[in-house]
Structures are given as C-alpha cells and as structure tokens.
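Trainee: Take a look at the following structure, please.
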Amino acid sequence: MNKRPSLQEQDLSNKQLIKKTLVAFILFALFGTAVWNTFKWIKRQPQDAGALKPLRKTLSFNERVFSSIFDTSQLVKEYPVGQAVKRVRVNGMDGLRDSVSEETWRLKVVRAPGDTLQLTLNDIKKLPKKELVFDFKCIEGWDQVTHWAGVPLKTFMQHFHLNGQSKMKYVGLQTPDNHYYVGIDMASALHPQTLLCYEMNSAPLPLNQGFPLRLIIPVKYGIKHLKRIGTMFFSNDKPADYWAERGYDYYAGH
C-alpha cells in the first residue's frame, strides 16, 4: 500500500515546483530580452548592398560556402516534356515595359571596353539547340515544371571565341532598357543546363516571358533568370544585381 506524502513533504514539493517555475520564467524573460535587444541592434546597423550589414555578412558567408561546393557535373533533374505545364507563371515584368521587335533587337556582347559584338536572334539560332524541362523555382516559394529551348551559354561562348572572358569570375546581363540586371558567377553561367533561351513550350517566347531572348539557369532561383537580354558583359568584380541591391541573396542558388 502506497504511503501518502506528509504535509511537510507536500509543502517541500510545492516549494520546489514554484522555484523551478520561477527559474524557468526568469530564463525565458532573459532570453526574450536578449532576442529583443539583438533585434534592435541589428535594426540600427548600417546598410550594406541593400541589406542590413549583419544580414549581408550572413548572405556573403552562405555564398562562399555554396560556391565552394558547386559542381558543374551535378545536373538538375529533368522531366519528360509531357509533364511541363502549359500555362507558365510570370515571375515579374521588370525590364519588359518597352516594346521590342525581332528585326531591331540585338544582343550586345561586350568583349572588352570598345569591343562589342552585336548579334541577331538568327545568329543565335544557328547554334546547336538544346531542350530543357525542369522544375523552375521562384524565391517566393512556388515552382513549376516548365519546358524551354535555346543554346547552352557555354556553347555560345565557345562558338564566339569568348575563351578569355570565360576565365573571368562573373557574367553581367541587362535588359535593353537597363531597368533589370543580374550578376551570375561564371561557374553557374557555364553549367551545361544554362541556356540562352528563345522558345517556351516549342514556340517563340511570349513577350511576358522575355521575347526574344532570356536566360534559363536551373541552378538558380527565378530572380536570376533575366528576361529579354539586351547586353552581356564579363567582369572579375560582382556586377550590379537588381534584387541583391534590394536585400536578397546575390548567389541565389538552390
């Protein structure tokens, strides 16, 4: 038969419970105060490239880690054409406000200051075509299996003898109106699945998907897939990047 605790034992147990509760409350209050003070400290920090300095340091650290382990031989999963959606979601219209025609559009490839190659869409279409069906990922959290076609950027650079440029650290891309621009690390740009894309679902790109030419880069989130490329250039310094200037990750890989 179990012995009932005495009043003295019950009183001791209650005191211990109160003590533990009080200690837990104090620890929770101290933790909450530390979090709040840390948050206020972060908010007081200066901006660095569009983000608060501590956040930018974290993003830069992540970029160094992901860059160091990036492997161009690792391919993004591809899907059968039949699994691609017919209604492709539009992830922004920045840089697409002005009208454009295939007859007047040119891709300006800046090989060096004062040395710019100007190409028509037909010049690009003469190169070997690659089709790609993959899961397009937006940094907002949605994704779609989509079907694209164009020339691999690596093939393009080899064909136009951009060998010296391919040894630089970055590729910069801008829309013709310069309203949207991205910087891409060269390793990702030369990934075999990165395309200069001129078709979607076996048809020319629609205007809202970057007609006449856009970037498709499956190892990056959608913010790096610049639509309607007007200018391409190369640099060992990070080119300006539209969303990085607004606090997003420059690397933007997944």
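Trainee: Given (1) surrounded by fewer than 24 Cβ atoms within 10 Å (Cβ to Cβ); (2) part of a strand (DSSP E or B), where does residue 158 come up short, assuming only one miss?
Mentor: Checking residue 158 against (1) surrounded by fewer than 24 Cβ atoms within 10 Å (Cβ to Cβ); (2) part of a strand (DSSP E or B), the one that fails is (2).
Trainee: What number goes with the only condition from (1) in a helix (DSSP H, G or I); (2) touching a Leu at 6+ places or on another chain (Cβ under 6 Å) that residue 226 does not pass?
Mentor: (1)
Trainee: Only one of these is open to solvent by less than 40 Å² (accessible area, probe 1.4 Å), in contact with a Cys (Cβ under 8 Å, 6 or more places away or on another chain) and in contact (Cβ under 8 Å) with a residue 12 or more places away in the chain: 213, 173. Name it.
Mentor: Answer to the selection: 213.
Trainee: In the set 152, 206, which member is within 19 Å of the chain's Cα centre (by Cα) and not aromatic (Phe, Trp, Tyr)?
Mentor: Working: 206 fails: within 19 Å of the chain's Cα centre (by Cα).
Exactly one of 152, 206 is within 19 Å of the chain's Cα centre (by Cα) and not aromatic (Phe, Trp, Tyr), namely 152.
Trainee: Given the conditions (1) modelled with pLDDT under 95; (2) open to solvent by 30 Å² or more (accessible area, probe 1.4 Å); (3) in a loop (DSSP other than H, G, I, E, B), and given that residue 237 satisfies all but one, which numbered condition is not satisfied?
Mentor: (1)
Trainee: Inspect all residues belonging to the range 105-115 and state whether any of them is open to solvent by less than 90 Å² (accessible area, probe 1.4 Å) and in contact with a helix residue (DSSP H, G or I) (Cβ under 6 Å, 6 or more places away or on another chain).
Mentor: no
Trainee: Here are the criteria: (1) buried (at least 20 other Cβ atoms within 10 Å of the Cβ); (2) within 16 Å of residue 91 (Cα to Cα); (3) touching a residue at least 60 places away in the same chain (Cβ under 8 Å); (4) aliphatic (A, V, I, L, M). Tell me which single one residue 207 does not satisfy.
Mentor: Just one mismatch for residue 207, condition (1).
Trainee: Also, I was wondering about something else. Restricted to the range 240-254, and to residues that are part of a loop (DSSP other than H, G, I, E, B) and surrounded by fewer than 17 Cβ atoms within 10 Å (Cβ to Cβ), which residue is modelled with the lowest pLDDT?
Mentor: Of the residues in the range 240-254, the ones part of a loop (DSSP other than H, G, I, E, B) are 240-243, 247-252, 254.
If we keep only those that are surrounded by fewer than 17 Cβ atoms within 10 Å (Cβ to Cβ) too, we end up with 240, 247, 254.
Working: 240: 96, 247: 85, 254: 78.
If we take residues in the range 240-254 being part of a loop (DSSP other than H, G, I, E, B) and surrounded by fewer than 17 Cβ atoms within 10 Å (Cβ to Cβ), then 254 is modelled with the lowest pLDDT.
Trainee: Take the conditions modelled with pLDDT under 85, closer than 22 Å to residue 216 by Cα and either in contact with a Ser or Thr (Cβ under 9 Å, 6 or more places away or on another chain) or surrounded by 10 or more Cβ atoms within 10 Å (Cβ to Cβ) (or both) and apply them to residue 61. Does it pass?
Mentor: No.
Trainee: Would a scan of the range 23-34 turn up a residue that is modelled with pLDDT of 65 or more, under 26 Å from residue 229 (Cα atoms) and surrounded by 10 or more Cβ atoms within 10 Å (Cβ to Cβ)?
Mentor: The answer is no; no qualifying residue exists.
Trainee: Continuing with this model, one more query. Output the residues belonging to the range 100-144 that are in contact with a Leu (Cβ under 7 Å, 6 or more places away or on another chain), closer than 24 Å to residue 233 by Cβ and among the aliphatic types (A, V, I, L, M).
Mentor: Within the range 100-144, 107, 109, 119, 121, 124 meet the criteria.
Trainee: Could you please find all residues in the range 81-104 being farther than 26 Å from residue 230 by Cα, touching a residue at least 24 places away in the same chain (Cβ under 8 Å) and open to solvent by 40 Å² or more (accessible area, probe 1.4 Å)?
Mentor: Quick first cut of the range 81-104, residues farther than 26 Å from residue 230 by Cα only: 81-86.
Imposing the further condition that a residue be touching a residue at least 24 places away in the same chain (Cβ under 8 Å) reduces the set to 81, 83-86.
Across the range 81-104, the qualifying residues are 81, 83, 85, 86.
Trainee: For the range 102-124, name all the residues that are assigned to a strand (DSSP E or B) and hydroxyl-bearing (Ser, Thr, Tyr).
Mentor: 116, the sole residue that qualifies.
Trainee: Among what's in the range 125-154 and is assigned to a helix (DSSP H, G or I) and out of contact with any Pro (no Cβ under 9 Å at 6 or more places or on another chain), pick the residue that is most open to solvent (accessible area, probe 1.4 Å).
Mentor: 125
The values are calculated or read from the model by the stated rules, or taken from the named source; none is laboratory data. Since we're looking at a predicted model, the values are computed, not measured. All Cβ positions, even for glycine, are placed from backbone atoms using ideal geometry, and neighbour counts span all protein chains on display. Surface areas here come from the heavy atoms of the whole protein model, side chains and all, with no ligands, DNA or RNA. Shrake-Rupley method; radii C 1.70, N 1.55, O 1.52, S 1.80 Å.
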